[in-house]
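Student: Below is one structure. I have some questions about it.
Every number here is computed from the coordinates shown, using simple stated rules; none is lab data. Just so you know, these numbers come straight off a predicted model, no measurement behind them. Cβ placement follows ideal geometry from the backbone for every residue including glycine, while neighbour counts extend to all protein chains displayed.
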Amino acid sequence: MAWIKKPSSIAFWIMPLTVALVAFGFAHIISRVANCYGWWDWCWSRWDSGYYLEISRIGHTLRHCGIDDHYPTGSLEWCGNAGWAPLYSLLIYLLSLVTGWENEVSGIVISRACFLAFLYVNALILNVRSFAVSNWLTLFLCAICPGGIYFFSIFPISITILGISIIFFGIQTKKYFPAGIAAYGVAVSYSSSIVFLFCLGLYIALLFIVNHPWLLGKTKRPILNETKPPPLAKDVFLKVFVPGVLGLLSLYGYDLWVTGHWNAMYLIQGKYGHGLSNPLRHLAHYWQIVTSNLPSKVSWTELQNIVFFFLVLVLTYKVIKGRYGLFLLGGIYLLCMWYIPFSLGTNVSLWRSIGLLAPAFVYLHPLRPLQKLGLLIVFGVFYYFMGLLFIKSVIH
């Protein structure tokens, strides 16, 4: 794999593994506090986990909702498991087929392996060559973030953030082959891939302007990175964006084949009432939930959403100001990947969406160690309470 530059430092190999073990230890402590014991069993299977496990056994399904789904007879709403992307479930099926493990065990192994790989890709982006405190803190920011409990559970969050980080690494180093493969994989791993492709499209549009300075009335192309000229818009479009779109098209084709509807994902998700609206209205609604549920732990969910509504703006500013790596794409990613889900409605699982922000945190590396430490404490507090709520839930 010539596209990977072999690291020469032992720090590269030790630090991501150590951070992953500490993060898992934190998650495991949370599960113990929530009176759930076990490394591989049902502690890590909650909410939508059942859909991914079902897909791994029978594939995608689509049907009209009925009495068993708590809908009246003759309902026109759609139910089934086609609202959830298939890649993670396919990997569960293949690993179980090869190893003989139960699907639940395979799902957890895949999630945790992808999380570890995600940290190693971040170490590549950081070009880790020493045990510097700054390197430790940046990797921990990527690992300990609200929603991080999903990194160890039966969810495709780990595989999605791994794919996005590979895309970031590929574009930053202009190694587009792995980025293109990852873009295809992200498109068939999680429904939020559409938001990611939107982010990438905005980035390509800005790159096009940068690549053609005459559009700005200038004669010299500006340099967005201190050491390297920016990527070419056409390269990112053809070698990364297009494979992502092909991934979406293959997902639609698969759904058309097995369910008869290319838009099966959207038919199912449509009943949740997702639609872009004024995020300030949602912000006010979250505040009402917080004040009416204090001091319940449930209020922490909405308090987190309020805090990150403002914190993401600060983080975006810091990423762009730091001018580190793909700071422009990182800033676009933070804004879109948070505020678009936030604008879709109060029934969106925003603590999962915060977990999806993790790939951009690597570009907070220029922050001072004390700033990163303070941010890590904030992340850790919300991680703890969100983890408790996840483990204590019984829907799986």
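Student: Starting from the Kirkwood Rh over alpha-carbon pairs, what translational D in µm² s⁻¹ does the range 10-392 have by Stokes-Einstein at 10 °C and 1.306 mPa s? Walk me through the numbers on the way to the answer.
Tutor: Values: Rh = 21.6 Å.
Stokes-Einstein gives a translational diffusion coefficient of 73 µm²/s.
Student: Hey, what number do you get for the chain at 222 nm if only DSSP H runs of n ≥ 4 count, each worth -39500 (n - 2.57), divided across all residues, to the nearest 500?
Tutor: About -20000 deg cm²/dmol.
Student: Using amide H atoms built 1.01 Å from N in the peptide plane, name the residues 5+ places from His64, or on other chains, whose amide H lies under 5 Å from its own.
Tutor: Residues meeting the criterion, in which the H sits 1.01 Å from N, are Cys79.
Student: Now for a separate question. Given just the C-alpha atoms of the range 294-396, how large is their convex hull per residue in cubic angstrom?
Tutor: 106 Å³
Student: Moving to a separate point now. Holding the Cα-Cα limit at 29 Å, pick out from Lys228/Lys318; Lys174/Lys318; Lys318/Lys392; Lys175/Lys321; Lys321/Lys392 the pairs that are longer than that. Walk me through the intermediate numbers first.
Tutor: Working: Lys228/Lys318 20 Å; Lys174/Lys318 24 Å; Lys318/Lys392 35 Å; Lys175/Lys321 25 Å; Lys321/Lys392 40 Å.
Result: Lys318/Lys392; Lys321/Lys392 exceed 29 Å.
Student: OK, next. Between Arg368 and Trp13, what is 0.36 nm times their sequence separation minus the Cα-Cα distance? Round to one decimal in nm.
Tutor: Taking 0.36 nm per residue and subtracting the Cα distance, the gain is 125.4 nm.
Student: When Lys and Arg each count +1 and Asp and Glu each count -1, what net charge do the other residues less than 14 Å away from Tyr93, Cβ to Cβ, add up to?
Tutor: Around Tyr93, the charge tally is -2.
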